[in-house]
Amino acid sequence: VAVGGDKSAVLTSVIEELVRFRTKVRHYALALPETADAVPGEGAAGAEEPKQEQKEKRKQLMRERKPLLEACDNLRGELAAFGIHIK
């Protein structure tokens, strides 16, 4: 807090920045890759395989990004203990 500054305004700015950061991290963690790189298969069986591969890639990606989502939830919980509620 700057000397002579309004502590309330500074705290509000810090909270807003934390919320913006958390939102960006959550959006990144929940974003799925484009499906344009899927290779179309031939025939009915070939068409299903890329879909299954895409599902597996998405599941793996979400497993890798789960710690980011958990960190966002933890931050929200810790701020709630101080009376700051992020919805």
For residue 59, the lysines lying under 20 Å Cα to Cα, once residues fewer than eight places off in the same chain are dropped, come out as 51
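Excluding residue 73 itself, what net charge comes from residues whose Cβ is under 14 Å from its Cβ, given Lys and Arg +1 and Asp and Glu -1?
Working: positive: 22, 26, 65, 66, 76, 87; negative: 70, 78.
Net local charge, residue 73 excluded: +4.
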Here the net charge surrounding residue 21, from other residues whose Cβ is less than 15 Å away from its Cβ (Lys, Arg +1; Asp, Glu -1), is +1
Phi-derived 3J(HN,Hα) across the stretch 59-64 with the Karplus relation (6.51, -1.76, 1.60, θ = phi - 60°), rounded Hz, x for Gly and Pro, is 4, 5, 4, 5, 5, 5
HN-Hα couplings for the stretch 74-82 via Karplus (6.51, -1.76, 1.60; θ = phi - 60°), in whole Hz with x for Gly/Pro, come out as 5, 4, 4, x, 5, 5, 4, 5, 9
Filtered hits (lysines, Cα-Cα < 26 Å from residue 55, offset >= 8 within chain) -> 24, 66
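Throughout, read-outs are computed from the coordinates displayed, never taken from laboratory work. Since the model is a prediction, treat every value here as computed from it, not as a measurement. Cβ coordinates were reconstructed from backbone atoms using ideal geometry, including for glycine residues, and neighbour counts include every protein chain displayed.
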